[in-house]
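Asks: Quick one: the structure is below, and I'll ask about it shortly.
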Amino acid sequence: MLYPVVWREDRVALIDQNRLPREYTQVEIRRSDDMAVAIKTMIVRGAPAIGVAAAYGMYLGAREIDTRDRTAFLERLEAIGQMLRETRPTAVNLFWAIKRMLKVAKETPGSVEEVRQTLLDTAHAVNREDLQTCQAIGDRGLEVLPQTPEKLRLLTHCNAGALATAGYGTALGVVRSTQTANRLERLYADETRPRLQGAKLTTWECLQDGIPVTVITDSMAAHCMQQGMIDAVVVGADRIAANGDTANKIGTYSLALVAKAHDIPFFVAAPRSTVDLSLSDGSQIPIEERDPSEIYQIGNTRLVPVGAEFYNPAFDVTPADLITAIVTEVGAFSPDRLGEAFEKDASIAPSS
């Protein structure tokens, strides 16, 4: 199993996802500002993994605060939280993890040192819980996939696998559970322009685990569906509004439209912590725009003539009416029933 965020004695080890698949390396993070850089530059990426990394970043920041005064400590910890919040505006797990860490810090009695230890314990818990959540999402997703054919051909977009979580994955967690149940014929992976997370990361993960995978360009999805090659689509999410509108990697919306046109079920796999009940619909989700170099060059090779202008949103929003079900760790829900995922445990419902 791949673990992109690992605590080692006094530091965090991150798989450098910018170097995959050419090179497997780890980056060691000892300071909160270095964690902020790692999140912003996508050394660590994927909403759940960002949340785990942010939780550890909060502890690293707490360790850097040189005071025994509780009030001063909490004020400076809030500033560290704000620094981490500013790294990636769309992934709600980032905000959820920071909010949880600040709440724990404020509610923990005792000395500053005791608060620090509780923050480390909480970061460990965030990591452990996410892994358990992903495994549950995989199993719940398997339960709602089409019953026929027996061997399924699934399509995914971007990377919502172990690399994007504490391990196992959300959308790829469903794929892994499907393979374990001997129901997977093949996974088709969109390359996912412009950063190619599908081509680089999803296929790399699949090859590590022996999952049969075929890479297609984003523009081939409609053709593959028309040819009867796809039985269901499973994607992840970076933020889900209360009505089920879902922000995910750019290109997801068009994929959902194509799936709808071909009457192919479209599933979103995500933990409940990705649902932002403070937002009534997807129009309120902030969309990150990234550097245009992601479009006009690959590596050091420029593809587009100098002088062209660029627009590079990192995410789009898929309307709820295009989504068959949102698969969480407690079950799969149609978007209009998403609130049922929180009925037994309202405390998990996040807000940015």
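The values are calculated or read from the model by the stated rules, or taken from the named source; none is laboratory data. Only a predicted model underlies this, so the values are computations on that prediction, with no experimental measurement involved. Note: ideal-geometry Cβ built from the backbone for every residue, glycine included; neighbour counts use all protein chains shown. Note: accessible area is taken over every heavy atom of the protein model, side chains too, but ligands, DNA and RNA are not part of it. Shrake-Rupley method; radii C 1.70, N 1.55, O 1.52, S 1.80 Å.
Results for (1) under 19 Å from the mean Cα position of the chain (by Cα); (2) among the acidic types (D, E); (3) open to solvent by less than 40 Å² (accessible area, probe 1.4 Å), shown as yes or no for each residue.
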{"site": "Q226", "(1), (2), (3)": "no, no, no"}
{"site": "I230", "(1), (2), (3)": "no, no, yes"}
{"site": "V235", "(1), (2), (3)": "yes, no, yes"}
{"site": "G251", "(1), (2), (3)": "yes, no, yes"}
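Asks: Within the stretch 155-247, considering only strands (runs of 3 or more DSSP E) that don't extend past its boundaries, which have at least 1 residues that are touching a Phe, Trp or Tyr at 6+ places or on another chain (Cβ under 6 Å)?
Replies: Because the criterion is at least 1 residues that are touching a Phe, Trp or Tyr at 6+ places or on another chain (Cβ under 6 Å), the strands (runs of 3 or more DSSP E) in the stretch 155-247 that meet it are 213-216, 232-235.
Asks: Test R63 against the stated conditions and say whether it is in contact with an Asp or Glu (Cβ under 8 Å, 6 or more places away or on another chain), in contact (Cβ under 8 Å) with a residue 24 or more places away in the chain and either open to solvent by 70 Å² or more (accessible area, probe 1.4 Å) or of a type in the set (S, T, Y) (or both).
Replies: Answer is no for this residue.
Asks: While we're here: For T87, work out the one condition from (1) within 19 Å of V268 (Cα to Cα); (2) not in a helix (DSSP H, G or I) it doesn't fulfil.
Replies: Answer for T87: the failing condition is (1).
Asks: Looking at (1) in contact (Cβ under 8 Å) with a residue 24 or more places away in the chain; (2) more than 30 Å from N300 (Cα to Cα); (3) surrounded by fewer than 18 Cβ atoms within 10 Å (Cβ to Cβ), which one does Q179 not meet, given that it meets all the others?
Replies: Exception for Q179: condition (3).
Asks: Right, here's the next one. Please state which one of P292, P335, P350 is of a type outside the set (K, R) and at pLDDT below 95.
Replies: Result: P350 is the single residue among P292, P335, P350 that is of a type outside the set (K, R) and at pLDDT below 95.
Asks: Output the number of the condition that I15 fails; it satisfies all remaining conditions of (1) closer than 25 Å to G210 by Cα; (2) surrounded by fewer than 15 Cβ atoms within 10 Å (Cβ to Cβ); (3) not hydroxyl-bearing (S, T, Y).
Replies: (2)
Asks: Could you count how many residues in the stretch 248-275 are in contact with a Phe, Trp or Tyr (Cβ under 7 Å, 6 or more places away or on another chain), closer than 30 Å to A97 by Cα and either basic (K, R) or at pLDDT 95 or above (or both)?
Replies: Final tally of qualifying residues: 5.
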